[in-house]
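The values are calculated or read from the model by the stated rules, or taken from the named source; none is laboratory data. Quantities reported herein were computed from a predicted structural model and do not represent experimental measurements. Here the Cβ is made from the backbone with ideal geometry for all residues, glycine too, and neighbour counts use every protein chain on show. Ligands, DNA and RNA are excluded from the accessible area calculation, which covers all protein heavy atoms including side chains. Shrake-Rupley method; radii C 1.70, N 1.55, O 1.52, S 1.80 Å.
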Amino acid sequence: MPLDFSNDSHRRFNILTGEWILVSPHRTKRPWQGKVESLSPDRRPSYDPNCYLCPGNTRANGDQTPAYTDTYVFDNDFGALLAGTAPHVYQKGLLQAQGEPGICRVLCFSPDHSLTLPEMPVSAIERVVDLWQKEYLELGAQPFINHVQIFENKGAVMGCSNPHPHGQIWAQRSIPQEAAKKSTRQLAYWEENRRSLLLDYLEQELEEPVRLVTENAYFAALVPFWAVWPYEAMIIPRRHFQHIGQLTAEEKTAFAAILKDLTQRYDRLFGTSFPYSSGIHQSPTDGLEHPEWHFHMAFYPPLLRSATVRKFMVGYEMFGEPQRDITAEMAAEKLRNLS
Ligand code: H2U
């Protein structure tokens with residue numbers, strides 16, 4: 001008998017990281033008596049005098065946020081990485097460490113406190129993409145910055161400290177682990193085939209689009225075969241390019257449009273402002289070309305079955321490997337039907 005993805009427990013391989021995930025579709029019928037998250041009220045004013053990211057307000061460290069009217073970026077007042085840190089090496093017996101210099105920035109997506117990314121017009125999301133481009137290129141051009149991580153924590157359940165629409169950038173000297181795993185796997189595939197691993201994957205997905213959520217002329221959004229989070233998704237460009245600085249004008253508009261399309265579907269799924277962490281994975285800024293890298297953006301949302309029931313990565317997942325019940329195909333079908 002062949003493997004039945006919708007019934008048999010099985011493990012799936014993540015071609016980008018080389019890791020496995022356990023899928024248990026037969027468990028989707030089990031009852032739930034666990035934790036239910038409380039909903040935070042969603043209605044917010046366009047301007048909050050107590051928000052440190054609203055135009056004209058004073059931040060926690062006493063600095064003034066200017067009266068910006070579009071997007072706004074500033075150095076994180078409490079950055080996890082500091083530019084002046086020396087990369088001193090520590091080695092003693094089995095203990096290793098190294099100083100890690102870097103730059104952390106906060107990016108305000110809009111002056112309007114009440115909005116979230118899916119609620120912004122495509123033209124305004126394009127301005128956010130402009131800012132991501134500018135920051136990636138500017139930070140990446142600094143000799144001591146070899147990796148630029150762009151990300152957003154959306155929603156209190158994801159640890160977001162403030163509902164004002166914003167994201168972050170952590171740029172640093174080393175290539176962090178998640179990107180390093182993807183670098184290794186993409187490079188091995190490139191060296192063997194002279195082709196992009198992710199583009200070949202996308203082509204295979206589009207042949208039988210059971211995991212496809214939405215698409216436009218330049219990008220596709222899908223639930224990856226190896227998704228860990230229930231409604232995890234990935235935006236992949238149809239053209240092979242390495243980083244956000246290489247987006248054409250048409251691709252930039254299409255990227256903003258698919259970002260809105262996907263995140264609006266998320267909001268409709270459980271009728272709530274859908275929490276997630278999203279991040280862009282792209283080539284390191286170490287001065288090399290990295291033809292193996294295929295730009296993409298990933299979304300890791302925690303919600304499982306309603307606005308108040310989330311997935312926890314605990315127990316077996318901490319000691320064994322990630323596990324999910326609802327399959328990637330089931331999740332993609334739900335998101336696809338929400339248009
Ligand atoms: P979240 O994206 O997780 O909400 O984090 C917001 C960041 O904003 C956080 O890293 C920074 C925090 O250090 N911040 C400032 O830089 N200035 C402030 O006045 C408050 C928060």
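Overview of values
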| read-out | value |
| --- | --- |
| For segment 14-173: rounded, prolate or oblate by the Cα gyration tensor [a/c cutoff 1.5] | oblate |
| Along each principal axis, Cα extent of segment 264-339, largest first, Å | 45, 37, 22 |
| Residue-averaged 222 nm ellipticity for the chain, from DSSP H runs of 4+ at -39500 (n - 2.57), nearest 500 | -7500 deg cm²/dmol |
| Label-point gap, in nm, between ALA217 and MET1 - each point 7 angstrom along Cα→Cβ | 4.8 nm |
| Cα-centre dipole for the chain with unit charges at Cβ (Lys and Arg positive, Asp and Glu negative), debye to 20 | 860 debye |
| Segment ALA67-GLU100, extension gain: residue separation times 0.36 nm, minus the distance between their alpha carbons | 8.5 nm |
| Mean separation of Cα contacts under 8 Å (6+ apart) over length of segment 137-283, as relative contact order % | 28 percent |
| Packing-based order for 54-61, 217-224, 161-168, using average beta carbon neighbours within 10 Å, highest first | 217-224, 161-168, 54-61 |
| R0 of 41 Å, Cβ-Cβ distance ARG194-ALA249: FRET efficiency to nearest 0.05 | 0.90 |
| Estimated inter-spin distance, HIS26 and ASP48, nm [label 7 Å along Cα→Cβ] | 4.7 nm |
| For VAL213, distant residues with modelled amide H under 5 Å away | ALA221, LEU222, VAL223 |
| The chain, relative contact order [Cα under 8 Å, separation at least 6], % | 21 percent |
| Selection from ALA60, ASN7, LEU137, by position along the positive dipole direction of segment 1-154 (Cβ) | ASN7 |
| For the chain, accessible area per residue (1.4 Å probe, heavy atoms of protein chains only), Å² | 47 Å² |
| Orphan Cys of the chain, criterion: no other Cys C-beta under 4.7 Å | CYS104, CYS108, CYS160 |
| Percent accessible area from carbon and sulfur atoms, the chain, protein chains only, probe 1.4 Å | 54 percent |
| Cα radius of gyration and Dmax for the chain (Å) | 20.5, 67 |
| Ranking by accessible area, most exposed first, for THR69, THR17 with a 1.4 Å probe | THR69, THR17 |
| Sequence ranges 172-179, 261-268, ranked by mean other-Cβ count within 10 angstrom, highest first | 261-268, 172-179 |
| Peptides 247-253, 109-115 ordered by average Cβ neighbours within 10 Å, highest first | 109-115, 247-253 |
